[in-house]
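Derivation of every value follows stated rules applied to the coordinates shown; laboratory data play no part. From a predicted model like this one, the values you see are computed outputs, not experimental measurements. Ideal geometry is used to build each Cβ from the backbone, glycine not excepted, and the neighbour counts take in all protein chains shown.
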Amino acid sequence: MSTSIGSDQLINTKCLEDLSNTELIRLVQDLQVSSKRMDLENQIFENFLIANEPGLIAMMGHTLEAVKKLNTQYSYKPQLPPLTGGSPTSISRVSTLSVTDENLNIDSSVAKSKSDRGPRINFSQKTDFVLREIEEMQTSLMKFIGISHRKKSNLQAEIEESNIRAQEVDDSRNDFEQTIVIEAVEKLTQKIPAEKFVRYMQEWLKTAQIMVEKLRLRTSSLRTQQAKLKNLLVQKEELGECVHEVDFEKLKIENKNFQLSIEQKNSHLLELKRINGNANLMLTNHKKILQKQDEALRNLKKTVKATQKRIIELEEENNQTENELTFEKAKFKQLKKKARLYRVPDVMELIRKKAELDELNKTLKTWRRKSNIQKIALSTYTKMMIHITGAPRPRASWYNVGRSDRTDDMILDFPDNSDTLSDSSVN
């Protein structure tokens, strides 16, 4: 059997037992395709009836139940419909089962189904059903796309809000840890003072209130802008109803004129930008030169100040040198005068004066040693008296026995320096 034979011919000419495996597979595939096609046509027709004549759906179901009961009662076996794709039998059967009375005459319907299958839906009607279904599907698809876009925008806004909130929470946490947990801890107690924490929270609440006020103002401004845009959109829609083709041509001409003026303005703007760039370049160069000159001027001022300071120092040194020179001149004159008036004494007189000087030095040395010994004894007795009497300082009455007022004054002043005198006497 050739593969070009249709499935309906195979069923009409052969029994299923006589078919080969390839033919059976091809027959099953054709039946599956036709079944899917019929299901699609039935679905389209059912949607059409639901939208236009919903009462017929219930009547069709009642009719099909009656036919099923009739088949079970009379063992009625309907003939197998042709398997062509262009004649769906389920839709034609539904079309033939339309009734006007609920009390259906089963015998007449059975006779009619045996004799004639009734009118079927033609290709133009099917096309009309399909186009209507496509329009409805497109409408529902556009609605679904709009709803999806709104949901997507809302979800994106929620995600952005969540990210902003998470970022704000992280920033607040980091700021809190840096300001309170790290910097506010006392070094000695290793604790956070309550005053710093309360002050930080008050400042944070003030900042939050200020931010809330700013957001409220921004929200009110956005609402006002939205209302303005809605009114503008309504006005445009109202004006769009009165717009004609001539208005569009006029707008095109105006747009061309505006584009020309925009191009001229852009070229003029580019020229101004070029001039501005050159001016900025020259200004930068002059600024650099001015900075160099300013720096040189500052260096010169520093040099002048240093020179003036040096001049003042040199003038002071000159005055001091002149004073020293005057003093040395006077001293030199005196020495010169002494040298001029100096007469060399006799040798024997010099020897005698020298002997007298040596004798006086010896006597002075002896008296100094005696004085030191007496001072040491006096300091010792004074300490003993202080220790015996328990007085904090030496008293004047200790030194007033058989002495004049001058001697008493000298002795009263002596005990304060007794330790120093004792040390010097020992040396």
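Annotations
- Each of 385, 60, 282 was scored by other Cβ atoms within 10 Å of its Cβ. Listed from fewest to most, they are 282, 385, 60.
- Gyration tensor (alpha-carbon) shape descriptor, region 260-343, a/c threshold 1.5: prolate
- Extreme residue, positive dipole direction of region 260-343, given options 312, 284, 266 (C-beta unit charges): 312
- In terms of its alpha-carbon gyration tensor, region 186-287 comes out oblate; a/c meets the 1.5 threshold, while b/c is at least as large as a/b.
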